Amino acid sequence: MVAVSTLLLVIAGGLVTSNDAAQSVPDCPLSYGKLVPPLEGGIRFEFAHRVLAATVTILTLILALWSRSRLAWVAFAAVVAQALLGGAVVTLVAPKWMPVAHACLAQLVFGLIVAIVVRQYCARRKRVEMSLDPAGTSACATLFVQTILGAAVRHNVAGIVPHIVFAAVATLVVMWAGVQVLMHHMENPPFRRSAILLLSLTFSQVFLGMGAYMSRILAADDPQPMPIMISFTVAHVAVGSLAFGAAIAMAIIVGHGGMTVA
Amino acid sequence: MKKIWIGFGLACVLSLAGCGGGNPPETAKKAEPGAAPAGGGAAAMPDEANGATITGKVTFDGTKPKGKTIDMSANPVCTKAHATAPAMTEDVVVNDNGTLKYAFVWIKSGLPDQTWQVPTTAVTLDQNGCMYKPHVIGVMAGQQIDVKNSDPTNHNIHPQPQTNQEWNESQPPGSADKMQTFARQEVMIPVKCNIHPWMRSYIGVVSHPFFAVTGDDGTFTIKGLPPGTYTIEAWHEKYGTSDQTITVGAKDSKTQDFSFKG
């Protein structure tokens, strides 16, 4: 539930940016001085994002209190830091790196929640210490770098070229990591599934990236963000998060090793 | 358990510290070093009796582009304001005589090194029918801009300068006008409303009074120029800039036209 809420929050954030609504509510923590602002235009996206952020914060706190794991508290701290950063983006307006950091920390929060979920899944089957598969970890790191580059493009801090070039690098690293797992653990369903999921999401992400780029070019002269561009871009953000989460899941599942069913 | 409550308490304190209200930084309203003085002192005035006058027009060369219809359905109030005829984009407005509206023409260089008196009258930027009116304005650095909201709906005003201080303020319906200034010369500053992403305007901020914005006849007049050789620039939102060099003597009246290709 926390993972799904966090993914929804990432999607809501993507909708805010894609609809150019990031600064539509200039005050924080209230919105237009009220708990519920007039829900019109871009305010709808920004306010929905805030409501989901509050929900995720509460759910993560419950998760931390319930599980009492260090990782869950780290996730809660990251969610709070993310909320503070979001508030700073609204109130300080100017520093361009802040929205980029906000987008990247969102991915880390989602990654942490995925790690908590996968660890609990693994722990139910066999009690082992946390360890990470090096190939999966490489995929995680590469996808996170790609997230930073993508966020920089979205917030006009960097051009598209580094993001496109690194997409090729990230795809190759993910392919290498996924194929490694498939070659050595084809008979192990959890390993195989995690690798196939990562590969599928990454390949989908490449095509969504192309779609997002093309739709942006086509919509360059439009007076406002158009639905086709918004759909592609938000899907690109969401599947990017899922691919990052899948890489984390594969790194943990394969890293545990002892889960081998066969 | 004690650690948990300490952590939660710390998170709450940090959350309150991070979201501190939506007022723009005070620096946005103060003149900075190097900026034109706000009236009085030894500042010069344009000598309209003895100075030179440059007149001209900004023409459009090419097939007249069709404006795009703006979809304002995100806010019924905006739709209602254009019930008789849909709102059109104003990035390229070709007048009936083949000239361009909303071109900003200014003396880019060549003026003597002196400060110029800032007009005491404010320039109005109105939000009317969910459009900025006018689409392009020019002001002197330090001159007041009177931001109005004539609409029965919320707007946020968000200029995005590169060298001046960025700010973002909400303006609910019926609220008082906002008086703002920009301290430094900057051509041009985009202004947007994040609630209504089609709303876009540009402000030309210069450190002297020799500038003009073309209107329905596409002409401009710059009066009171001291004798000298100047670079005069025409800026257009879509077609970029065009520079010309012109030499004027005392009481000269010269013509300098510009042309942009579509």
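Since every read-out is calculated from the coordinates, none of them should be taken as a lab result. These numbers come from a predicted model, not from an experiment. Here Cβ is always computed from backbone atoms with ideal geometry, including for glycine, and neighbour counts include all displayed protein chains.
I'd like the FRET efficiency for B:Lys251 and A:Leu182, computed as 1/(1 + (r/R0)^6) with the beta carbon distance as r and R0 of 60 Å, rounded to 0.05. List each step's numbers first, then the result.
Details: r = 85 Å, r/R0 = 1.41.
So the FRET efficiency works out to roughly 0.10.
Counting only DSSP beta bridges whose two residues both lie in the protein assembly as shown, roughly 70 percent are antiparallel.
A simple spin-label model places the labels of A:Ala123 and A:Val157 3.4 nm from each other, with each point 7 Å out along Cα-to-Cβ. Distance from the C-alpha centroid of segment A:202-237 to that of segment A:144-201: 19 Å, rounded to the whole angstrom. By the count of other C-beta atoms within 10 Å, a proxy for reagent exposure, B:Ile246, B:Ile222 are ordered fewest to most as B:Ile246, B:Ile222.
Sorting B:Val77, A:Val161, A:Val181 from the fewest to the most surrounding beta carbons within 10 angstrom yields A:Val161, B:Val77, A:Val181. When the helices of the protein assembly as shown are scored as -39500 (n - 2.57) per DSSP H run of n ≥ 4 and the total is divided over every residue, the value at 222 nm lands at -15000 deg cm²/dmol. Give the relative contact order (percent, whole number) for segment B:32-261; include only Cα pairs under 8 Å separated by 6+ residues. Here the relative contact order equals 32 percent.
A Förster radius of 45 Å combined with the Cβ-Cβ distance from B:Lys66 to A:Ser200 puts the calculated FRET efficiency at roughly 0.55. In segment A:1-125, taking the dipole from charged Cβ atoms about the Cα centre, the farthest positive-side position among A:His49, A:Leu65, A:Val25 is held by A:Leu65. Each residue of segment A:9-18 is assigned a 3J(HN,Hα), and the resulting list reads 5, 4, 5, 4, x, x, 5, 4, 5, 5 Hz, derived from the Karplus form 6.51 cos²θ - 1.76 cosθ + 1.60 (θ = phi - 60°), x at Gly and Pro.
With a/c under 1.5 counting as rounded, go ahead and sort segment B:32-261 into rounded, prolate or oblate using the C-alpha gyration tensor (a ≥ b ≥ c being the square roots of the eigenvalues; past the cut-off, prolate if a/b is larger than b/c, else oblate).
Numbers: a/c = 2.40, a/b = 1.37, b/c = 1.76.
Since a/c reaches 1.5 but b/c is at least a/b, the shape of segment B:32-261 is classed as oblate.
Taken one residue at a time, the phi angles of segment B:51-57 give Karplus couplings (6.51, -1.76, 1.60, θ = phi - 60°) of x, 8, 10, 10, 10, x, 9 Hz. Gly and Pro are set to x.
The relative contact order of chain A comes to 25 percent, based on Cα pairs under 8 Å that sit 6 or more residues apart.
Let's see if you can work this out: charge +1 on each Lys and Arg Cβ, -1 on each Asp and Glu Cβ, no other charges. What is the dipole magnitude of the protein assembly as shown about its Cα centre, in debye to the nearest 20? Don't skip to the answer; put the middle values down first.
Working: 37 positive and 33 negative charges, 456 e Å.
Roughly 2180 debye, rounded to the nearest 20.
Once Rg and the Kirkwood radius are both taken over the C-alpha atoms of the protein assembly as shown, their ratio Rg/Rh works out to 1.07. Checking the a/c ratio against 1.5 first, then a/b against b/c, what shape does the Cα gyration tensor give for chain A? Oblate shape, in that a/c is at least 1.5 and b/c is the bigger or equal ratio.
By the count of neighbouring beta-carbon atoms within 10 Å, fewest first, B:Thr53, A:Thr233, B:Thr163 end up ordered B:Thr163, B:Thr53, A:Thr233. In this structure, the residue pairs whose Cα-Cα separation is over 21 Å, taken from A:Lys96/B:Lys148; B:Lys68/B:Lys261; B:Lys57/B:Lys192; B:Lys192/B:Lys223, are A:Lys96/B:Lys148; B:Lys57/B:Lys192; B:Lys192/B:Lys223.
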